[in-house]
Amino acid sequence: MSTRLLVAGVGNIFLADDAFGPEVIRALDERPLPPEVRVRDFGIRGMDLAYELLDDYDTAVLVDAAVRGHEPGTLSLIEPDLPDRTTAGAPPEAHGMDPATVLALAAHLGDEPLPRVLVLACEPELRAPADEDIAPGISATVRQAVVRAVAALHAMVPVLLADPGATPPLSRPDESTALSSAGLPGTARDGTEDR
């Protein structure tokens, strides 16, 4: 049986650098991943993503902007702790879902364990001001990170297709010291990618 891999863009295209995930998915149109990988822009449709995660994937890579305290444009790979049905508690609200809420909802909805989930995150530079509903367009810094994220996915995906439990080449900076930073040019020693 072949490995099932999902690459999912997450984010709001109307909220400045929050559009990172959808922009990466759009850039993959120019440099497609192998045809056996399901690539999809979920935008802000968290409920759709929660149901998609229940579709027997071995691994899901969520591509999203995330404030982590790094320099803007820094790429990080995070492997979050996954909730299970017994620890998910009451079903979360389906509005304004961030990836953690999506995972909690998917755990609540499904009977089987969730796939392995990795988050390819980019530190944003621009965020929509609290008093504005719309701030379209990403910063130049994050636009450059989109190109690096596409390259990172092209390095990670063959590794994950060969072994869904393998350590991809871009490592996470803070969550674990188990992953190495070998394999991607421009990757800092702590696992974040230099700008």
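Coordinate-derived values only; no laboratory data. This structure is a prediction, so every number in the text was calculated from the model and none was measured. Cβ placement follows ideal geometry from the backbone for every residue including glycine, while neighbour counts extend to all protein chains displayed.
Using 1/(1 + (r/R0)^6) with R0 = 25 angstrom and r between the beta carbons of residue 127 and residue 45, what's the FRET efficiency to the nearest 0.05? The partial results should precede the final answer.
On the way: r = 21 Å, r/R0 = 0.83.
Computed FRET efficiency for residue 127 and residue 45 comes out at 0.75.
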- Item | Inter-probe distance in nm under a simple model that places probes 7 Å from Cα toward Cβ, at residue 116 and residue 56 | 2.0
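Which order do the peptides 40-46, 118-124 take when ranked by the mean count of other beta-carbon atoms within 10 Å per residue, highest first? Walk me through the intermediate numbers first.
Numbers: 40-46: 19.0, 118-124: 25.1.
Averaged packing, sorted descending, gives the order 118-124, 40-46.
Residue 166 to residue 27: FRET efficiency via 1/(1 + (r/R0)^6), r the Cβ-Cβ distance, R0 22 Å, to the nearest 0.05? Show your work: numbers first, answer last.
Working: r = 24 Å, r/R0 = 1.10.
After rounding to 0.05, the efficiency reads 0.35.
Efficiency by 1/(1 + (r/R0)^6): what FRET value for residue 68 and residue 98, r their Cβ-Cβ distance, R0 = 22 Å, to the nearest 0.05?
On the way: r = 13 Å, r/R0 = 0.61.
The pair residue 68/residue 98 has a calculated efficiency of 0.95.
Arranged from highest to lowest average of other beta-carbon atoms within 10 Å per residue, in what order do the peptides 51-63, 155-167, 27-39, 3-15 appear? All intermediate terms of the calculation are to be shown ahead of the outcome.
Details: 51-63: 19.8, 155-167: 15.8, 27-39: 13.7, 3-15: 21.9.
With the highest mean Cβ count within 10 Å placed first, the list reads 3-15, 51-63, 155-167, 27-39.
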- Task: In nm, give the distance between the simple-model label positions of residue 36 and residue 147, each being 7 Å from the Cα along the Cα-to-Cβ direction.
- Result: 3.1
